[in-house]
1. Rounded to the nearest 500, what is the chain's calculated 222 nm mean residue ellipticity when only DSSP H runs of at least 4 contribute -39500 (n - 2.57) each, over all residues?
2. Taking the Cα atoms only, what angle lies between the long axis of helix 35-56 and the longest principal axis of the chain, rounded to 10 degrees?
3. Just to be sure I understand the model, the point goes 7 Å from the Cα along the line to the Cβ. What's the resulting His64 to Thr78 distance in nm?
4. Calculate, for the chain, the solvent-accessible area per residue in square angstrom, rolling a 1.4 angstrom probe over the heavy atoms of the protein chains.
5. Go from 0 up to the bin containing the longest alpha carbon distance in the stretch 1-109, width 10 Å each, and give me the % of pairs per bin.
6. How would you order 48-58, 77-87, 11-21 from highest to lowest mean count of nearby Cβ atoms within 10 Å?
7. Determine the relative contact order of the chain: mean sequence separation of Cα pairs under 8 Å and six or more apart, normalised by residue count, in whole percent.
8. For Cα pairs less than 8 Å apart in space and 6+ apart in sequence, what is the mean separation divided by the residue count of the stretch 15-66, i.e. the relative contact order in percent?
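The values are calculated or read from the model by the stated rules, or taken from the named source; none is laboratory data. Keep in mind it's a predicted model, so treat the numbers as computed, not measured. All Cβ positions, glycine included, derive from the backbone under ideal geometry; neighbour counts span all protein chains shown. All accessible areas refer to the heavy atoms of the entire protein, side chains included, with ligands and DNA or RNA removed. Shrake-Rupley method; radii C 1.70, N 1.55, O 1.52, S 1.80 Å.
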Amino acid sequence: MSLSDAQREHVVKVRLENAGQMLLDASNMLAGGSLRSAANRSYYAVFYAASALAMRDGHTFRRHRGVISYFHEAYIKTGRLPKELGGIFQRAFNSRCDADYDDLVELVADDAPRCSNKPAGSWPK
């Protein structure tokens with residue numbers, strides 16, 4: 001996909017807005033006791049944010065694994081973002097898969113990641 005700089009910036013903005021909405025949805029679902037839905041929305045909050053970074057860098061991926069791999073290679077392994085964020089992304093993916101596809105998984109609210117609604121700060125360089 002070949003986008004102009006303005007188009008790419010717009011997609012990044014939309015993906016970040018989606019990430020924020022998913023985080024809000026996850027918080028509401030967690031508060032309401034809907035743990036499977038909260039796990040799903042939590043993952044998508046992280047996924048949209050990571051895909052916004054990839055888009056900002058000029059990359060698009062057809063599969064979630066592509067975004068996850070790119071995020072780890074470009075941001076975690078290089079030290080541009082802390083390793084902890086890579087673990088959060090992987091745990092969110094695993095929790096979403098469990099919640100969406102494992103009928104017998106038992107989710108516990110205390111295991112849900114605690115997210116702050118404070119801005120994450122500046123973009124990595």
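1. Values: 4 runs with 76 residues, N = 125.
After summing the helix terms and dividing by residue count, I get -21000 deg cm²/dmol.
2. Here the helix axis deviates by roughly 10 degrees.
3. 2.5 nm
4. Numbers: 8280 Å² over 125 residues.
I get 66 Å² per residue for this part.
5. Binned Cα distances yield the sequence 15, 41, 32, 10, 1.
6. On the way: 48-58: 19.6, 77-87: 12.8, 11-21: 15.9.
By packing density, highest mean first, the sequence is 48-58, 11-21, 77-87.
7. Numbers: 112 pairs, mean separation 31.9, N = 125.
Result for the chain is 26 percent.
8. Details: 42 pairs, mean separation 20.4, N = 52.
Reported relative contact order: 39 percent.
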